[in-house]
Every structure is written in C-alpha cells, then in structure tokens.
Amino acid sequence: MKTYSAPGVAVRKGVGDANEAKTLPTCERLQDALKDLSIRRGSTVVVHALPATGTYTFLSLLLAEPSRKGIYSAVVGLGDYNFSLAAYLDVDLSKVITIDPKLRFSERELARAAFALLDGFGIVVISGKIASLNSPRFSAKARQKGATLVVVENSSSPKDISRRVKADLRLFVGRSPWTLSGSVSSGILTEGDITVQAVERMEHYPNRRAS
C-alpha cells in the first residue's frame, strides 16, 4: 500500500530529519495500528467512529506525541472532547486549544475560526459538519500551510462514508471493550483494544487492520 504524499507540503523549521518533518510523530500505542503508514503534514485525515467507541481516546493518542514534540493543536467544535482523558494519555495540554460550540458559536463562525487556525497550528481538528461547509478550501489551506486537518465523522464503516469531505486518509476506529481506570466518577476508559482500519484516497475497502 502506498502512502499518499500531498504536494506542496511545507517543512516546518526545528525538525532535523527531512522525512520526520513531513510526517506527524506517532505515539507508540498507535504505531502498531498505523505501521508503515505515515500521516503527512498538509493532508486531510478523516476519523470515522460512532460515539462511545473510542473516538476521543484515539484522537488523544493521535495528539499526544505531536504535543510532546512541540506541535500545537486546535480542537474546534467538539464540545464533548474529554481533556481529562487527554491529560491521562499524556497529551501536553499547554499545546492544545479548544473552541467549544456550546459557547453559542454558529457552525459558520467555528468554520472561520478553524480556517484561521490553520495558519499557525500544526493540527486542526474539526467536526464533519464544519468541514462540509467548505471542505475543498479547508484541505487546500492545510496543504498550503503544511498543517494536518483532522475531521471527526460519526460513521463506523466504509459503507457509511460521506462524500462531502474528501480525504487523503480515512481511519476507522472499531468497537472495543473498555475498563475504567480509577473511580467510576473519573470516566476514564483506559484498558481495551483500539482497532483501526485505514483507507487511502480512492480505495473502497479498508486494507489494513491492527489493534
């Protein structure tokens, strides 16, 4: 399987290795799932998962290593993103900002904010609804700025793919059993398998699966 290489990806300063500069660093827990598949800076990545199936655990693991390497991330329009979980999974929260839709921002206002954040942030995470307002423009700017656009969609299989957002890479997070860490009130699910299926560009079915 070939890794899609987005044209015109900017190489950010401060990273010694040229190949490393063109891809996002990945934490050890996700390396087995992604294997030799790299997430390119400047690409659009769509994460497909139904609520309560490990979406935000996966997202936090995706942000963890970049945050530790000094890459700033913005989470826009995901009001239920769990920052306690993110901290538990070693995300450096000093490198992450959020714009909560519960603050009465419209989707178009959130879209404008996310578009502006692509100028200075290495990773910008948005919902599928926000991305669908102008998906080509979002992807084009991410490619131009060398930022990674991550779109979170509520769907669980290739049959549910929405064509409203074109992606360089689609990651399907599968259902898995979880156990609580600490008290029930903590709400942190830490033990369980994360199953990820990857689909690149125009492929119709997942061709890589790991947990």
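The values are calculated or read from the model by the stated rules, or taken from the named source; none is laboratory data. Bear in mind the structure is a predicted one, so any value in this text is a computation, not a measurement. Here the Cβ is made from the backbone with ideal geometry for all residues, glycine too, and neighbour counts use every protein chain on show.
Results, tabulated for the structure shown:
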| quantity | calculated |
| --- | --- |
| Residues within region 30-58 that are at pLDDT 90 or above and among the polar types (S, T, N, Q), tallied | 2 |
| Meets criteria (in a helix (DSSP H, G or I), of a type in the set (Asp, Glu) and at pLDDT 90 or above) for Glu20 | no |
| Residue tally, condition in contact with a strand residue (DSSP E or B) (Cβ under 6 Å, 6 or more places away or on another chain) and not in a strand (DSSP E or B), over region 121-132 | 3 |
| Members of region 67-103 that are modelled with pLDDT under 90 and polar (S, T, N, Q) | Asn82, Ser84 |
| Cβ-Cβ under 9 Å pairs, at least 6 apart or on other chains, region 105-133 side touching a residue at least 40 places away in the same chain (Cβ under 8 Å), far side surrounded by fewer than 17 Cβ atoms within 10 Å (Cβ to Cβ) and hydrophobic (A, V, I, L, M, F, W, C) | Leu117/Ile97; Phe121/Ile97 |
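Per-residue answers, yes or no, for (1) at pLDDT 95 or above; (2) over 15 Å from the mean Cα position of the chain (by Cα); (3) surrounded by fewer than 14 Cβ atoms within 10 Å (Cβ to Cβ):
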| position | (1), (2), (3) |
| --- | --- |
| Leu110 | no, yes, no |
| Ala131 | no, no, no |
| Asn154 | no, no, no |
| Lys159 | no, yes, yes |
| Trp178 | no, yes, no |
| Val199 | no, no, no |
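Here's the yes/no breakdown for (1) over 24 Å from Ala64 (Cβ atoms); (2) surrounded by 19 or more Cβ atoms within 10 Å (Cβ to Cβ):
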residue	(1), (2)
Gly79	no, no
Leu85	no, yes
Ser94	no, no
Ser106	yes, no
